Amino acid sequence: MNFNEAAAVLAAAGIDEPRREARILERNAADAATFAKYIERRAAREPVAYILGRKEFWSLEFEVSPAVLIPRPESETLVETALKYFKEKPPRTILDLGTGSACLLIALLSEWRSATGLGLDISPQAIEIARRNAARHLQGARAVFRVNDWAQGLGERFDLIVSNPPYITARELLSLDRDVIGFEPKGALDGGEDGLDPLRRIAADLRTVMQPEGLAVIELGIDQAASASRILVNSGLEVLHIAKDLGGRDRAIVARVPHRTLA
Ligand code: GLN
């Protein structure tokens, strides 16, 4: 199959940018047979990141597999937001809940060279990938990964807590692209009826894993800012900010333990 034929196959499969994707797959295929196989997989809507086994995030390359969500550019909003809040004094410890590929934790640790992190995920397969990504990008044992159900049972406190939990609503789940719902882990997408069940679980334990001066930065889905704020406030937290992504959509919520006013 030559390049033009490949692009035509992708176009016929309804791929948005067939020539660009055919080019990427061609450049990464060792030989013609592999290229043909890649095109066949993409035409069946498998994401390019899974075909190649990697995806860039925060200018770092991450190993991915169908055991982890593919890092999205929108999630860089969380990294940017955290960097802004800790400009004066970097956090020493970072907790990433539902770490997946560990892209958030590793991006943050690559910025703050003296910080250490803990990444938790319910999926043992995700934890294996997270560990390999950390070994690749971080010197020494700066990140530890464990299988755990959100923050349940943790006996430590952290300066910064980040999370990109599943937040897709039951309704949105039905209309997701086949590229997403057909290949990415449902457990990383499905947030229950209103998409906020995982946030409720996280919020329930958040105060017990935050340092008194700590901060939480959590990714949100479409139109979730108000209901997410309510959940966090009801769990005894103070919401500081809703950060928007480059598309102007509410993307992350920033919360802390309320500071007692000295008056
Ligand atoms: N942003 C992802 C999507 O739209 C969802 C990720 C998530 O639920 N955390 O597919």
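General observations
- Of all lysines in the structure, the ones whose alpha carbon falls short of 24 Å from that of residue 84, not counting any fewer than 8 places away in one chain, are 244.
- Square roots of five times the Cα gyration tensor eigenvalues for region 148-263, Å: 27, 16, 12
- The GNM of the chain, with springs linking C-alpha atoms under 10 angstrom apart, assigns the highest mean-square fluctuation among 23, 54, 200 to 23.
- Reported value for region 1-152: 121 Å³ per residue, from the convex hull of its C-alpha atoms.
- Portion, in percent, of the accessible area of the chain that falls on carbon or sulfur, probe 1.4 Å: 50 percent
- Couplings 3J(HN,Hα) for region 172-189, derived from phi with the Karplus relation 6.51 cos²θ - 1.76 cosθ + 1.60 (θ = phi - 60°), are 5, 4, 6, 10, 5, 4, 4, 3, 8, 6, x, 9, 7, x, 4, x, 9, 10 Hz, where x marks Gly and Pro.
- Rolling a 1.4 angstrom probe over the protein heavy atoms with all chains in place gives region 100-161 an accessible area of 44 Å² per residue.
- Net charge, residue 212 excluded, C-beta distance under 11 Å - Lys, Arg +1, Asp, Glu -1: +2
- Simple label model, 7 Å out from Cα along Cβ direction - residue 230 to residue 3, nm: 5.4 nm
- Solvent exposure of region 1-63 as accessible area per residue, Å², 1.4 Å probe: 54 Å²
- Ellipsoid equivalent to region 191-242 - semi-axes via the Cα gyration tensor, in Å: 19, 12, 9
- Comparing Cα centroids, region 81-97 and region 142-213 end up 19 angstrom apart.
- Local electrostatic count at residue 222 - Lys and Arg +1, Asp and Glu -1, tallied over other residues with Cβ under 10 Å: -1
- Convex hull of the chain built on C-alpha atoms - directionally averaged projected area, nm²: 15.1 nm²
- Residue 76 accessible area, assembled protein chains, probe 1.4 Å, Å²: 50 Å²
- Each residue, residue 223 and residue 174, gets one label point 7 Å from its Cα in the Cβ direction; the gap between the two is 1.5 nm.
- Taking the chain as a Gaussian network of alpha-carbon nodes connected by springs under 10 Å, the highest mean-square fluctuation of the residues 195, 100, 247 belongs to 247.
- Cross-link partners of residue 37 among lysines (Cα-Cα below 27 Å; sequence separation of 8 or more within a chain): 55, 186
- Within a Gaussian network of the chain (alpha carbon springs, distance under 10 Å), most fluctuating of 51, 15, 161: 15
- The listed residues 259, 137, once ranked by accessible area (1.4 Å probe) with the largest placed first, stand as 259, 137.
- Rounded to 5, percent antiparallel among DSSP beta bridges of the chain: 45 percent
The values are calculated or read from the model by the stated rules, or taken from the named source; none is laboratory data. Since the structure is predicted, the reported quantities are computational estimates derived from the model, not experimental observations. Because the Cβ atoms are built from the backbone with ideal geometry, glycine has one as well, and the counts that use them run over all protein chains shown. Only protein heavy atoms, including side chains, enter the accessible area calculation; ligands, DNA and RNA are left aside. Shrake-Rupley method; radii C 1.70, N 1.55, O 1.52, S 1.80 Å.
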